[in-house]
Amino acid sequence: MRKKTRICTKALAQKLLVCAVAVTLAIAPLTFGQTGSRPDDRVVRERVDALLKQMTLEEKIGQLSQLFDFGEVKKIDEAVVGGHVGSLLFVTDPAEINRFQHLAVDKTRVHIPLIFGYDVIHGFRTIFPVPIAMAASWDPATVTTAQSIAAKEARAVGIGWAFAPMLDIARDPRWGRIVEGAGEDPYLGSAIAAAQVRGFQGDYIGSPDHILACMKHFAGYGAAEGGRDYDASYIPDSQMYNVYLPPFHAAVKAGVGSAMSAYMDLNDVPATGNHWLLHDVLRDQWNFTGFVVSDANSVKSLEKHHYAKDLSDAAVRAFKAGVNMEMAIDFNAYSRHLAAAVQSGQITVQEIEAADRPILETKIRLGLFEHPYVDEARAQRILASPEHRTASRIAAERSAVLLRNEGGLLPLKKSGYTNVAVIGPLADSQLDTLGSWAFQQDLQETVTVLGGLRDKLGPQVKLTYTPGVQIYRKFRSFFDDIFKLKPAVPWTAEKSKAEMSKAVNLATESDLTILVLGEAQNMSGEAASRESLDLPGREEQLLEAVAATRKPVVLVLLNGRPLNIKWAAAHIPAILEAWYPGTQGGNAVANLLFGDAVPGGKLPITWPRDVGQIPINYAHNTTQSPEEQGKRYWDEESTPLYPFGYGLSYSTFAFSDLKVSQTQIKPGESIDVSFDVENTGALQADEVAQLYVHQRYGSASRPVRELKGFERITLAPHAKKTLHMSLGTPELSYWSTTKKDWVEEPADFDIWVGGNSEATLHASFEIKQ
Ligand code: BGC
């Protein structure tokens, strides 16, 4: 109440008009944001009505503009004071956030606070494993915890809006942004999407210590032709509805408050100007009530796509399609052209107000009017929280996927080795332990694999490190400029040879080698597509040379996409996929390798043998010769190297006693699927039980199997648990090309349960009219 009074006094002092709004505030018995109660919808609407009544057209258009803070402070200050901006992104210093906020609250006519947005993708200060890794945990609870910590840290510095979750289904690992999503599967993707929304937003928009989530990139971005970032996507309706859209729909159902349009052409209509996507699907079919922000400069891109005639046409088309707010680095189309479009009658004032409403409502719900400023000292305390780092380590342990463990080499015995060689260009690189979209971390806090092993093994074990090879991008990324990374100076031939020999010698002298290979963080992410999936640089030669020492070798992969590890999969006894594991990555890897944590993650994507198999995914349709499915190529198996859902443990599990509650149901009814999972090993460990379904015939061909249920469980040695999963309309219906609609059809269904997508324990049932 004290703060309210202060704001009200200032408002009164500046403009009488605004007092009307302030009176509305005072009489509304609301406590927002940090006070923690859900605001009443009607009251929020009335407050927005009152605000809109006070605003000029220019101010209304100002709320629809978002600007990057790339250091041009004077320009931004002027835009804020002039009421031309509703949101800023890339401001992360709480003092600077407070300063901008003061300009918006104190120096503008209508005193509307800014909302600060940022790419809080997998953490803010505490960096969690990259999103594809989090999906590999198959554990929505871990995902929710991670994003709620990310939200708490971001909110503490004054950021109220995360440009996440990224929900693009991706089936082509050449696409660099596959690292930012949950992989190839719509069912897993939907569960992870909802978990992230819950983590960011809490119970409702404005929950204490939570922030607004933004599902992106709506939609179809992951299907870029050739895996080339930003290239066009061509996606048939059936794939759109059955594969690409479900995670977004799940996020909407979970209450996501904003969406970001995508950059690329979707079936020849750019996503940012796509009325079908942004209006028909999002608002009409799904009843989304939040707001849509464009991706950076993507309104301007409508012109670049040769879709809009000029910037003014681009502004009108994006606006009419359903983009509420424009994110612009420059070329701000909305602030330059929307007023003229209103004057010329192309857009009405009512339409501008309708675009403003969800933005203003969000600001109210977030409590920004009552609590526009942050406490800088509190922010530093929250960012330094050791509990956050512990949560990040646990998430990294739960995300890792054990791909191979021949002869039970893992877990390693702490007392078993006296001389350990750690080799590889990523083993002691803090930045590469974090992955892309990590900017606010404290690198000193980041534990590399080498650091984690050093702590684990202590001084009594001789631990030696050498990179062996050098890796770098052929073409520089624009993120390298943000990180101010110096261009790599390629090693000379002599240096390369010497480094390789040094690595092989270390391996020869050691009694265990831990190779840490994969991709540097800038090789995966936005603008990080690849034409090959080979280990970069001379990593493969290093791998083979180290293996030739015939000493025990463990391969730890740091990467954001499946790579071509065919040779390793046949010759290296132990392979742990650690992804980019985050702030505590090295400790997590050390715990996993030495058995203080047991791997339980599973692949959220099919792992191809080689790049030529792409696209490859488990939920493909069947063919006229299904028995030959693995022999489509004459030069290589057409099966994956590792199937979707795959991952080993240090224990073993058995599935049995699969039962369906009924063998026949009517459309609309559900069946209960039950089965037992038993830990048949001697260690407590996790298994992810997976349920797959196949419809044998229908008005359209259906995939050979589709994930329709999963649960990650922890079982004590020899313990057995009965699990239940339900199958009903949400799981058994699909969008049929023939019917051009959602259908649930009378048909026979197969189900399988097990620990990956090649599960064999089978049952069947029928839907009968
Ligand atoms: C990316 C978005 C991101 C935005 C703001 C764009 O280049 O595509 O995912 O949120 O930049 O940083």
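The values are calculated or read from the model by the stated rules, or taken from the named source; none is laboratory data. No experiment lies behind these values; they were computed from the predicted model shown. All Cβ positions, even for glycine, are placed from backbone atoms using ideal geometry, and neighbour counts span all protein chains on display. Ligands, DNA and RNA are excluded from the accessible area calculation, which covers all protein heavy atoms including side chains. Shrake-Rupley method; radii C 1.70, N 1.55, O 1.52, S 1.80 Å.
Once the stretch 320-334 is narrowed to residues that are open to solvent by 10 Å² or more (accessible area, probe 1.4 Å) and over 24 Å from A162 (Cβ atoms), the residue that is modelled with the highest pLDDT is K320. Is one or more of the residues making up the stretch 465-475 free of Cβ contacts under 8 Å to residues at least 12 places away in the same chain, open to solvent by 50 Å² or more (accessible area, probe 1.4 Å) and away from the ligand (no atom under 16 Å from the Cβ)? Within the stretch 465-475 (the criterion being free of Cβ contacts under 8 Å to residues at least 12 places away in the same chain, open to solvent by 50 Å² or more (accessible area, probe 1.4 Å) and away from the ligand (no atom under 16 Å from the Cβ)), the answer is yes, since at least one residue qualifies.
On the given criteria, is A170 of a type in the set (A, V, I, L, M, F, W, C), more than 16 Å from the ligand (Cβ to nearest atom) and either part of a helix (DSSP H, G or I) or in contact (Cβ under 8 Å) with a residue 24 or more places away in the chain (or both)? Spelling it out, it is not the case that A170 is of a type in the set (A, V, I, L, M, F, W, C), more than 16 Å from the ligand (Cβ to nearest atom) and either part of a helix (DSSP H, G or I) or in contact (Cβ under 8 Å) with a residue 24 or more places away in the chain (or both). If you go through the stretch 617-642 and pick out every residue that is part of a strand (DSSP E or B) and of a type in the set (A, V, I, L, M, F, W, C), you end up with 0. With respect to the conditions (1) free of Cβ contacts under 8 Å to residues at least 24 places away in the same chain; (2) within 30 Å of P643 (Cα to Cα); (3) of a type in the set (D, E, K, R), R398 falls short on a single one, namely (1).
Output the residues belonging to the stretch 33-88 that are within 16 Å of the ligand (Cβ to nearest atom) and either over 23 Å from K300 (Cβ atoms) or surrounded by fewer than 16 Cβ atoms within 10 Å (Cβ to Cβ) (or both). Scanning the stretch 33-88 gives F70, G71. Every condition in (1) open to solvent by 10 Å² or more (accessible area, probe 1.4 Å); (2) touching a Pro at 6+ places or on another chain (Cβ under 7 Å); (3) more than 16 Å from the ligand (Cβ to nearest atom) holds for G183 except the one numbered (1). One residue stands out among those in the stretch 614-649 that are over 31 Å from the mean Cα position of the chain (by Cα), touching a residue at least 12 places away in the same chain (Cβ under 8 Å) and open to solvent by less than 70 Å² (accessible area, probe 1.4 Å): the one that is nearest to G754 (Cα to Cα), which is P626. Among the residues of the stretch 323-359, write down those that are within 22 Å of D41 (Cβ to Cβ) and touching a strand residue (DSSP E or B) at 6+ places or on another chain (Cβ under 6 Å). Within the stretch 323-359, N324, M325, P358, I359 meet the criteria.
Within the stretch 198-219, the residues that satisfy the criterion of being within 16 Å of the ligand (Cβ to nearest atom) and either open to solvent by 10 Å² or more (accessible area, probe 1.4 Å) or not basic (K, R) (or both) are F200, I211, L212, A213, C214, M215, H217, F218, A219. For beta carbons closer than 7 Å, sequence separation of 6+ or different chains, a first residue in the stretch 306-331 that is closer than 19 Å to K60 by Cβ and a second that is open to solvent by 60 Å² or more (accessible area, probe 1.4 Å) and in a loop (DSSP other than H, G, I, E, B), the qualifying pairs are V316/Q346.
Across the stretch 89-142, the qualifying residues are those that are part of a loop (DSSP other than H, G, I, E, B) and polar (S, T, N, Q), and the one among them that is farthest from the ligand (Cβ to nearest atom) is T108. Of everything listed in (1) more than 16 Å from the ligand (Cβ to nearest atom); (2) among the β-branched types (V, I, T); (3) in contact with a strand residue (DSSP E or B) (Cβ under 6 Å, 6 or more places away or on another chain), the single unmet condition for V281 is (3). Looking only at the stretch 676-690, count every residue that is farther than 17 Å from L402 by Cβ and either out of contact with any Leu (no Cβ under 7 Å at 6 or more places or on another chain) or modelled with pLDDT under 95 (or both) and tell me the total. Looking only at that region, the number is 2.
Just so you know, in the stretch 181-208 the residues that are among the hydrophobic types (A, V, I, L, M, F, W, C) and in a loop (DSSP other than H, G, I, E, B) include one that is farthest from G290 (Cα to Cα), and it is A182.
Just one residue in the set I121, I169, I192, I127 is among the aliphatic types (A, V, I, L, M), under 20 Å from R561 (Cα atoms) and in contact with a Leu (Cβ under 6 Å, 6 or more places away or on another chain); that residue is I127.
Condition check ((1) β-branched (V, I, T); (2) at pLDDT 95 or above; (3) more than 16 Å from the ligand (Cβ to nearest atom); (4) open to solvent by 10 Å² or more (accessible area, probe 1.4 Å)) across all residues:
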{"site": "Y221", "(1), (2), (3), (4)": "no, yes, no, no"}
{"site": "Y234", "(1), (2), (3), (4)": "no, yes, yes, yes"}
{"site": "D237", "(1), (2), (3), (4)": "no, yes, yes, yes"}
{"site": "A251", "(1), (2), (3), (4)": "no, yes, no, no"}
{"site": "K300", "(1), (2), (3), (4)": "no, yes, no, yes"}
{"site": "Y307", "(1), (2), (3), (4)": "no, yes, yes, yes"}
{"site": "A318", "(1), (2), (3), (4)": "no, yes, no, no"}
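Here A689 clears all of (1) over 27 Å from the mean Cα position of the chain (by Cα); (2) among the hydrophobic types (A, V, I, L, M, F, W, C); (3) more than 18 Å from F765 (Cβ to Cβ); (4) surrounded by 21 or more Cβ atoms within 10 Å (Cβ to Cβ) except the condition numbered (1). Against the numbered list (1) surrounded by fewer than 19 Cβ atoms within 10 Å (Cβ to Cβ); (2) at positive phi; (3) within 16 Å of the ligand (Cβ to nearest atom), W437 comes up short only at (1).
Within the set A568, A528, A588, the sole residue that is open to solvent by less than 10 Å² (accessible area, probe 1.4 Å) and touching a Lys or Arg at 6+ places or on another chain (Cβ under 6 Å) turns out to be A588. In the set (1) crowded, with 24+ Cβ neighbours inside 10 Å; (2) within 16 Å of the ligand (Cβ to nearest atom), A146 fails one condition alone, (2). Here L188 fulfils each of the conditions (1) under 25 Å from G158 (Cβ atoms); (2) crowded, with 24+ Cβ neighbours inside 10 Å apart from (1). Only residues that are open to solvent by 10 Å² or more (accessible area, probe 1.4 Å) and within 16 Å of the ligand (Cβ to nearest atom) were counted in the stretch 257-273, giving 2. Comparison of T606, T652 shows that the only residue that is open to solvent by less than 10 Å² (accessible area, probe 1.4 Å) and at pLDDT 95 or above is T606.
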